[in-house]
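Input: a single structure, listed below in structure tokens.
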């Protein structure tokens, strides 16, 4: 699977988070920002991935995020880290 295909799959998961109304609005907004960062940004791919991982780690640490949202974010972080290496 190419890097862009993997990023598109990850963006679909970020869309799921963004559409889930049981997840707080600030987390959904952050997921949308990560999606834009991964797909739209002009930066190099490794910079986009590292920036997204950093932002997602902050979102995952939010005490208000439900467990299923946190698991989705951890899954995304794991997939991004596998691309980065």
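A short reminder: the numbers here are calculations on the coordinates, not readings from a lab. Keep in mind that this is a model prediction, so the values were computed, not measured.
Rg of the Cα atoms in region 3-84, relative to 2.2 N^0.38 Å, amounts to 0.98.
Calculated mean residue ellipticity, 222 nm, the chain: -26000 deg cm²/dmol, from DSSP H runs (n ≥ 4) at -39500 (n - 2.57) each, averaged per residue and rounded to 500.
Defining a contact as two alpha carbons under 8 Å apart and six or more residues distant in sequence, what relative contact order in percent does region 3-84 show?
Details: 68 pairs, mean separation 26.1, N = 82.
Here the relative contact order equals 32 percent.
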